[in-house]
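Encoded as structure tokens, the structure appears first; notes follow it.
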Amino acid sequence: MFSAIRFREIHEKFVELGLESPFDEEWRSRWKEIPAEPISTSIDISEFSDVRRDALLAHATQVDPKSRFWFGLPPR
């Protein structure tokens, strides 16, 4: 589940790294519409981020391999 907080953190990391964020002003204006429901569970999947990336890239007809949203940040 994506939360407004997660979107903001991703956007801020793009800015911090000097990269163009996939979240333009129109995108960011929609975050206030996302309910601030508490997330009850968080699972650390950092060990599997390379698997996630490879799996998404294997489905290029469903996930644009040039998408800044999915692949704009460095894998680390």
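Based on what the data block shows, is PHE23 under 16 Å from GLU9 (Cβ atoms), part of a helix (DSSP H, G or I) and free of Cβ contacts under 8 Å to residues at least 60 places away in the same chain? So PHE23 fails the test. Regarding the range 6-18, can at least one residue be identified that is over 14 Å from the mean Cα position of the chain (by Cα), surrounded by 10 or more Cβ atoms within 10 Å (Cβ to Cβ) and of a type outside the set (Gly, Ala, Ser)? Checked against the condition, which is being over 14 Å from the mean Cα position of the chain (by Cα), surrounded by 10 or more Cβ atoms within 10 Å (Cβ to Cβ) and of a type outside the set (Gly, Ala, Ser), the range 6-18 yields at least one hit.
Entry remark, the range 49-66: residues being exposed (fewer than 12 other Cβ atoms within 10 Å of the Cβ) and either on the phi > 0 side of the Ramachandran plot or at pLDDT below 85 (or both) number 3 in total. Of the candidates SER29, SER46, SER3, SER21, the single residue that is under 15 Å from the mean Cα position of the chain (by Cα), modelled with pLDDT of 85 or more and either among the hydroxyl-bearing types (Ser, Thr, Tyr) or exposed (fewer than 10 other Cβ atoms within 10 Å of the Cβ) (or both) is SER21.
Return yes or no: is ILE39 open to solvent by 50 Å² or more (accessible area, probe 1.4 Å), of a type in the set (Val, Ile, Thr), assigned to a loop (DSSP other than H, G, I, E, B) and in contact with a helix residue (DSSP H, G or I) (Cβ under 9 Å, 6 or more places away or on another chain)? Yes, satisfied.
The values are calculated or read from the model by the stated rules, or taken from the named source; none is laboratory data. Computed from a predicted model, the values in this text were never measured in an experiment. Counting neighbours? That spans all protein chains shown, and the Cβs are built from the backbone with ideal geometry, glycine included. Side chains included, ligands, DNA and RNA excluded: accessible areas come from the protein's heavy atoms. Shrake-Rupley method; radii C 1.70, N 1.55, O 1.52, S 1.80 Å.
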